[in-house]
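Trainee: Sharing a structure below in structure tokens format, with a few things to ask.
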Amino acid sequence: MKKAIAEQAAPTQAAPEAPGFEEALQRLTAIVERLESGDLSLEQSLSLFEEGTRLSRTSQAKLDAAEKRVEELLAIDAAGQPVVRELEPE
């Protein structure tokens, strides 16, 4: 009983969800504009650069996954017939 009460009292911290591709691209654009403005401190610039690097990597991973899906959808077998199989859900 004490354990159940303690679990209810302690807030659970869910990991923040990664932004969608379009959201990440918008944020990257904003980061680049701020960095190019030249009116940030070194610490602010580094922080934005780190965020931009993370967004860039996750965006590239999403593009790579999308490219793989397209390749799978367009695949043909040795006889020239489309390869049909279930795709894994996103």
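Trainee: Which ones in the stretch 41-90 are more than 21 Å from GLU23 (Cβ to Cβ) and among the acidic types (Asp, Glu)?
Mentor: Correct list: GLU43, GLU71, GLU72, ASP77, GLU86, GLU88.
Trainee: Would you confirm whether or not the stretch 40-55 contains a residue that is touching a residue at least 12 places away in the same chain (Cβ under 8 Å), more than 30 Å from PRO89 (Cα to Cα) and either surrounded by fewer than 14 Cβ atoms within 10 Å (Cβ to Cβ) or out of contact with any Pro (no Cβ under 6 Å at 6 or more places or on another chain) (or both)?
Mentor: Taking every residue of the stretch 40-55 in turn, at least one turns out to be touching a residue at least 12 places away in the same chain (Cβ under 8 Å), more than 30 Å from PRO89 (Cα to Cα) and either surrounded by fewer than 14 Cβ atoms within 10 Å (Cβ to Cβ) or out of contact with any Pro (no Cβ under 6 Å at 6 or more places or on another chain) (or both).
Every read-out reported here was derived from the displayed coordinates using simple, explicitly stated rules and does not represent laboratory data. Note that the structure is a prediction, hence the values are computed from the model and not measured. Virtual Cβ from ideal backbone geometry, glycine too; neighbours counted across all protein chains shown.
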